Amino acid sequence: MSDNGRVLVFSGRANPDLAHEICQYMNIELGKTVIKDFSDGEVYVRIEENVRGGDVFVIQPTCAPGNTNLMELLIMIDALNRSSAKRITAVIPYYGYARQDRKCEPRVPITSKLVADLVHTAGCDRVLTIDLHAGQIQGFFNIPVDHLFAVNVLISYIKSLKLPNIVVISPDAGGVERARAYAKRLGCSLAIIDKRRDGINVAKAMHIIGDVRGKVCIIVDDMIDTAGTLMEATNALLEAGAAEVHACCTHAVLSGPAGNRIRESPIKSIIATNTIPLRDDLKSIDKIKILSVASLLGEAILRIHSESSISSLFDAEDNL
């Protein structure tokens, strides 16, 4: 058993519902905090419990508003560090700023590395996250990173739908490894969409590699943002003779015009998890199905606290 002391879980304001679900799974109370904004927008944090010598977990996805939620996470870590917590683990179900993970053109930042440095500098000892946009982001941290996968949660639901004649679709070449893992678990074939991006949040699906005619297509991705790529992919698949199209992702970012695009699209359903809270205006869209990752995160937290294996939560074939 770990000698890290009491396990304590705190939450920022980004996704309190998920934090409460995690605590219910762990059968503990969520830690008490006061978090509010000064009139000029600065974040104020006060930890309302004694954390000295404790094994502390801070649950805070850095979803929209990304800058505020990231700053809130850093301030909470600093407050806990200055309160003599023995170990601080940042539980970041959705790791924002992850899409800029390399220099793909001159004079651009690598924001995923910058955020990793900020989290470490604030006083964090460990990070727990789900489905990073790119696996190499783990290497940007100088502290341990436990990288979880939502595949078990999503695959279980897809299997329960009993859809016939399935083919898993990768929306671009970069997602083939992820799509292949889903196809293997579902025992079905794989197809790829050749996509070319014309600008930020602008994509054009070109042509399909693989047979989709008469099949039920499931597009698999780590996130859906403006849903532009998803709509292009859906239309291309239907034009190629697909019977129907579904989408599956871990992070339902769904920003900007995503809601209207989904409503007007011929896509049958979008399956996602609650790493990011679904905006109120999107909850009325019947096509969107949200699954909980609370038990996955709760079990991971318990295993980190007891110094048990995290990787045993997944079979080798699940490691995307």
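Values for this structure:
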quantity	calculated
³J(HN,Hα), Karplus 6.51/-1.76/1.60, whole Hz, each residue of region 25-42, x for Gly, Pro	4, 7, 6, 9, 8, 5, x, 8, 9, 10, 10, 8, 10, 6, 5, 8, x, 5
Whole-Å distance, taken between Cα centres, linking region 154-198 and region 241-257	12
Accessible area (Å², per residue) of region 68-185, counting only protein heavy atoms and a probe of 1.4 Å	43
Environment charge of ILE28, counting only residues whose C-beta is closer than 14 Å and scoring Lys/Arg +1, Asp/Glu -1	-3
Of (1) 0.98; (2) 0.93; (3) 1.01, the label for Rg/Rh (Cα atoms, Kirkwood Rh) derived from the coordinates	(1)
In degrees, nearest ten, helix 228-239 long axis to first principal axis of the chain (Cα)	30
Proximal charge balance of THR121 [Cβ under 13 Å; K/R count +1, D/E count -1]	-2
Note, ³J(HN,Hα) from phi for region 252-258, Karplus 6.51, -1.76, 1.60, rounded to Hz, x at Gly and Pro	8, 5, 6, 9, x, x, 4
Tilt relative to the chain, helix 294-305 - C-alpha long axis, 0 to 90 degrees, to 10	40
Chymotrypsin sites (Phe, Trp or Tyr not before Pro) within region 1-96, DSSP loop, no more than 15 other Cβ atoms inside 10 Å	PHE38
At most 10 other Cβ within 10 Å, DSSP loop - GluC sites (Glu not before Pro), region 248-311	GLU307
In nm, spacing of pseudo-spin labels at ASN142 and SER160 (7 Å Cα→C-beta vector)	4.5
Sum of side-chain charges, MET71 neighbourhood, beta-carbon under 12 Å (Lys, Arg +1; Asp, Glu -1)	-3
Between region 56-130 and region 36-52, the alpha-carbon center distance in angstrom	17
Intensity falloff of region 1-100 expressed as log10 I(q)/I(0), Debye formula with alpha-carbon point scatterers, at q = 0.19, 0.20 Å⁻¹	-0.92, -1.01
For the chain, calculated [θ]222 nm from helices alone, where every DSSP H run of n ≥ 4 adds -39500 (n - 2.57)	-9000 deg cm²/dmol
Rounded tilt (10° steps) of 176-186 against the dominant C-alpha axis of the chain	80
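The values are calculated or read from the model by the stated rules, or taken from the named source; none is laboratory data. These figures come from a predicted structure and were not determined experimentally. Neighbour counts run over all protein chains shown; Cβ positions are idealised from the backbone, glycine included. All accessible areas refer to the heavy atoms of the entire protein, side chains included, with ligands and DNA or RNA removed. Shrake-Rupley method; radii C 1.70, N 1.55, O 1.52, S 1.80 Å.
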